[in-house]
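Read the structure below first, then the notes.
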Amino acid sequence: MVEETREMPPKTHDLGRLADLAGIVVPERHQAIVTHLKEASVPTRYPEDMSKLVKHYNKAAAERYLAETKGLLKWIRARIK
């Protein structure tokens, strides 16, 4: 966001909102992981029920989210160069 607007971003976990504020259109192929990261940011950082989180974020899910996040980061890096 700083690269696009020259302003500090608001404090938020909402990556979609930050992209909107920066005037960045996230491609459809990355929309799901952007939404997931927003939804997972608070409960995974401040878990109330760790056993529920462990069940939901098992190894297979973690690997999938990591791969999708790497793809998103690759797109972001290519866009700001």
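The values are calculated or read from the model by the stated rules, or taken from the named source; none is laboratory data. All figures in this text were calculated on a predicted structure; none of them were measured in a lab. Don't worry about glycine lacking a Cβ; one is built from the backbone with ideal geometry, like all the others, and counts go over all protein chains shown.
Points worth noting:
- In the range 9-30, of all residues being among the small types (G, A, S) and within 11 Å of the chain's Cα centre (by Cα), the one that is surrounded by the fewest Cβ atoms within 10 Å (Cβ to Cβ) corresponds to G16.
- Residues satisfying the stated conditions in the range 37-60, i.e. more than 15 Å from the chain's Cα centre (by Cα) and part of a helix (DSSP H, G or I): M50, S51, K52, L53, V54, K55, H56, K59, A60
- Subset tally (residues that are under 19 Å from L73 (Cβ atoms) and either in a loop (DSSP other than H, G, I, E, B) or of a type in the set (A, V, I, L, M) (or both)) for the range 1-17: 7
- Condition met for I33 (part of a loop (DSSP other than H, G, I, E, B) and surrounded by 15 or more Cβ atoms within 10 Å (Cβ to Cβ)): no
- Subset tally (residues that are over 23 Å from V2 (Cβ atoms) and modelled with pLDDT under 90) for the range 61-81: 2
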